[in-house]
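Below is one structure; the comments refer to it alone.
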Amino acid sequence: MIWKRTRQSHRGKQDPIEKATKQADLEMLQWSAAVGEIDLFYLDESGFCMWMPVEHSYFFRGEQKRLEQTARKGRRISILGLLQPKRELCLWTGGGQFQRGALHHDDG
């Protein structure tokens with residue numbers, strides 16, 4: 001046995017057909033942006049909880065251990081990022097969840 005990092009996994013929650021469809025949509029959007037038809041932005045929200053899951057444990061050599069994500073505990077901190085490659089990056093932080101219409105970006 002060896003001591004190594006435990007990997008958090010959402011693989012069991014993914015629908016392979018939906019994932020393939022969304023991947024094809026993304027590739028089409030990236031192509032449209034590359035030829036100048038659209039301005040493409042990437043949006044990502046990440047949430048952090050005020051506790052640490054198990055990060056290291058013992059494994060048999062050659063195996064990868066996966067733990068399903070557990071329920072949240074305590075206050076949540078959220079970060080929202082909007083990226084337009086090679087042009088712009090906007091970041092917002094807050095407690096709890098972001099509500100639609102609560103964010104405003106001023107170009108001027």
- Note down the nm distance, to one decimal, between modelled labels 7 Å out along Cα→Cβ at Ser9 and at Leu26. 2.0 nm
- Quick one: net charge of Ala33's neighbours, Cβ under 14 Å, K/R +1, D/E -1? -3
- Gain in span if fully extended, Tyr42 to Arg76, counting 0.36 nm per residue against the direct Cα distance: 10.0 nm
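Coordinate-derived values only; no laboratory data. Because the structure is a prediction, the values reported are computed rather than measured. Cβ sites come from the backbone with ideal geometry, for glycine too, and all protein chains shown count toward neighbours.
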